[in-house]
Amino acid sequence: MAARVLDPVPDEEPENQLLGAAPPARVLGMKLRAMRAAKQLRGKDVVAAGVISSTSMLSRYETGSRAARPDLSTVVRLATFYGRADEESVRTLTRLFNDANQGRWWTDYRDVVDTSLDELMTVECAAKEIRTYSGSLVPGLLQTPDYARAIMQVPYLGRPDHPTIERRWEVRRRRQQLLESPEAPDYSAVIGEAALRAWVGGRKVMRGQLRHLFNLAENRDRVYIRIFTDRAWEKVCPLTVAMTVFKFAAPGEPDMVYREGMNSGGAWLSAAADVDLHAASMLELIQHSLGKEETLTRLDRLIRGFADER
């Protein structure tokens with residue numbers, strides 16, 4: 001199928017401890033711990049080499065403890081000792097260090113960014129691969145403005161111009177820029193077919209959202225969109241209404257899993273068995289979803305289904 005762009009709708013526009021939560025300092029610590037493990041070094045080996053003052057201090061760095069404010073020179077010194085002083089590794093660690101100490105762009109949106117969203121966006125920025133499943137809604141990173149606003153206004157029914165809605169959309173749009181970055185992670189989204197038939201915001205909003213998904217699936221590098229059909233439930237039952245698996249670049253670095261509620265935030269899974277279970281389920285969902293060409297064909301059919309009635 002030749003690449004093409006559909007015209008837009010007019011006028012629209014210890015390891016378990018590290019897995020338990022994911023503020024920037026813990027993601028930084030997770031990367032440092034993975035680097036040390038890859039070199040098969042013990043904490044006392046690092047101390048004996050004079051890289052850091054004590055094993056307790058190293059532990060604080062690796063767990064993201066609030067008792068240890070990271071020092072950039074120490075972080076770079078550790079990376080160098082672990083043989084990871086290449087430009088990309090240092091740039092990643094420096095970005096995480098700055099996040100841990102100086103805050104992120106979304107600190108200006110504390111009125112609409114809760115702890116779970118703060119942690120989610122931090123991990124998204126650190127991941128090399130993101131795999132997500134959503135059975136009831138289009139994933140946030142793929143939503144159009146009108147679709148997102150239709151969802152966000154639910155708590156404010158009768159007040160579609162409530163300022164909080166616009167603030168929430170600003171955060172979502174800036175968050176979506178992750179997929180437009182030169183350092184964007186590989187992003188795979190499995191979307192339940194029922195979510196693509198739901199009249200979120202009405203006919204025009206859904207038609208615009210489906211066209212946007214079609215364009216992304218057809219033309220965007222490193223963004224992979226697949227439909228999990230109603231018939232696929234015969235073979236695979238998703239573990240939850242929405243979940244995301246994050247993979248990282250460092251060898252041996254454990255996956256992270258975020259289970260999401262219906263427009264109400266989510267929670268991180270910390271037990272290794274739970275993480276493995278959800279990662280395996282995610283792989284099954286991908287395997288039993290439509291391929292690229294089938295997905296494009298189904299999206300085209302769904303788009304036509306939302307055409308204006310004559």
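The values are calculated or read from the model by the stated rules, or taken from the named source; none is laboratory data. Note that the structure is a prediction, hence the values are computed from the model and not measured. Note that we place each Cβ from the backbone using ideal geometry, even for glycine, and neighbour counts take in every protein chain shown. Keep in mind that these areas ignore ligands, DNA and RNA; they rest on the heavy atoms of the full protein, side chains included. Shrake-Rupley method; radii C 1.70, N 1.55, O 1.52, S 1.80 Å.
Step by step: first the residues of region 199-216, then only those that are of a type in the set (G, A, S) and surrounded by 14 or more Cβ atoms within 10 Å (Cβ to Cβ), then the one that is modelled with the lowest pLDDT. Which residue is that? Within region 199-216, the match that is modelled with the lowest pLDDT is G201.
A quick yes/no check of all residues on (1) under 28 Å from T107 (Cα atoms); (2) open to solvent by 20 Å² or more (accessible area, probe 1.4 Å); (3) in contact with a Leu (Cβ under 8 Å, 6 or more places away or on another chain):
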| position | (1), (2), (3) |
| --- | --- |
| V154 | yes, yes, no |
| V236 | no, no, yes |
| M243 | yes, no, no |
| Y258 | yes, no, yes |
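Within region 126-147, can one find any residue that is among the hydroxyl-bearing types (S, T, Y), farther than 18 Å from A242 by Cβ, assigned to a helix (DSSP H, G or I) and open to solvent by less than 10 Å² (accessible area, probe 1.4 Å)? No: zero hits. Do we have R42 as open to solvent by 60 Å² or more (accessible area, probe 1.4 Å) and modelled with pLDDT under 85 here? Answer is no for this residue. The sole residue among G208, G201 that is among the small types (G, A, S) and not in a helix (DSSP H, G or I) is G201.
Going by the structure shown, is R159 open to solvent by 30 Å² or more (accessible area, probe 1.4 Å) and within 17 Å of the chain's Cα centre (by Cα)? Please lay out each step first, then the result.
On the way: open to solvent by 30 Å² or more (accessible area, probe 1.4 Å): yes; within 17 Å of the chain's Cα centre (by Cα): no.
For R159, the condition - open to solvent by 30 Å² or more (accessible area, probe 1.4 Å) and within 17 Å of the chain's Cα centre (by Cα) - is not met.
Within region 266-310, being over 29 Å from S116 (Cβ atoms) and among the small types (G, A, S) holds for G291, G305, A307.
Just to be sure, is L72 exposed (fewer than 15 other Cβ atoms within 10 Å of the Cβ), among the hydrophobic types (A, V, I, L, M, F, W, C), at pLDDT 75 or above and farther than 18 Å from F248 by Cα?
Answer is yes for this residue.
Considering the conditions (1) part of a helix (DSSP H, G or I); (2) open to solvent by less than 30 Å² (accessible area, probe 1.4 Å); (3) among the small types (G, A, S), A194 is excluded by exactly one of them, (2).
Could you go through region 80-88 and let me know if any residue there is assigned to a helix (DSSP H, G or I), open to solvent by less than 20 Å² (accessible area, probe 1.4 Å) and modelled with pLDDT of 75 or more. Reasoning before the result, please.
Filtering region 80-88 down to residues assigned to a helix (DSSP H, G or I) leaves 80-81, 87-88.
Among the residues that remain, those that are also open to solvent by less than 20 Å² (accessible area, probe 1.4 Å) are: none.
The answer is no, given that none of the residues of region 80-88 is assigned to a helix (DSSP H, G or I), open to solvent by less than 20 Å² (accessible area, probe 1.4 Å) and modelled with pLDDT of 75 or more.
Test D230 against the stated conditions and say whether it is surrounded by fewer than 14 Cβ atoms within 10 Å (Cβ to Cβ) and over 30 Å from Y156 (Cβ atoms). Yes, satisfied. When R207, R197 are screened for being within 30 Å of W233 (Cβ to Cβ), touching a Phe, Trp or Tyr at 6+ places or on another chain (Cβ under 6 Å) and among the charged types (D, E, K, R), only R207 passes.
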